[in-house]
Amino acid sequence: MPLPPPLKHALWLALPLSLATPALASEASADAPKDLDKVEVRGRAQTLYRANDAAVGTRTDTPLELVPQSIQVVPRELIDDQAARQVTDLYRSISGISFFSYPGVTLRGFRQENVLYDGLRGDPYAGFSVPQLFNIERVEVLKGPAGALYGGGDAGGVINYVTRKPRACAERRIELQAGDKDFRAGSIEGTGPLNASGRIRYRAGLYADSEPGVRWNA
């Protein structure tokens, strides 16, 4: 029995609608949010050879982030790991510094002769000798014209040697060194309290080395 024309057109319209329903359902499922696996990222602050405080520039131990000057600190850990015997062994670790003679250096292109020990003017004959590091806790380098704060007028900067301080617990250390070209060195130092409360302390040390010079009989 043939269908009436209106019913036939209704069936043809229902067929595309029925086919579009699964397509809409698949698109809706594709747009639904998915739960991803948890990703955990861990990091740590770089603390190797990092110094947080310095006395140069402010004359007091101040956090470096609060000092508006360019300061580089070489701590004792780096001195020991590099087996540095004198300050010339550390120049490769300090930016902006270069040799111009055996004891002399330049900082940012300016000759540097102003040497400080614990913030005070040090050896006036710094141009004729190289500081030893056996009794140095850290080396602080103040770069730029701020070095004029210490009265030397050094436009390139200034180097401050912070010496080791006495400790409340008793310590003794003997160190021997040997190298090529008949180099020999030795040091002895001790520290500790002088009274029961530990408020009075001492530190003493001796260092000596022997190395042939570059000139005979000179």
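With the simple spin-label model, which puts each label point 7 Å out from Cα in the Cβ direction, the Glu40 to Leu194 separation comes to 5.4 nm. With neighbour counts taken as other beta-carbon atoms within 10 Å, the residues Glu65, Glu171, Glu40 rank, fewest first, as Glu40, Glu65, Glu171. Remark: Leu107, Leu120, Leu36 ranked as Leu36, Leu120, Leu107, counting other beta-carbon atoms within 10 Å and listing the fewest first. If you take the Cα centroid of the range 126-201 and the Cα centroid of the range 97-120, the two points sit 16 Å apart. Ordered by the count of other Cβ atoms within 10 Å of each Cβ, fewest first, Ser93, Ser197 give Ser197, Ser93.
Just so you know, all these numbers are worked out from the coordinates, no wet-lab data involved. Just so we're clear, the structure is a prediction, and the values are computed from it rather than from any experiment. All Cβ positions, even for glycine, are placed from backbone atoms using ideal geometry, and neighbour counts span all protein chains on display.
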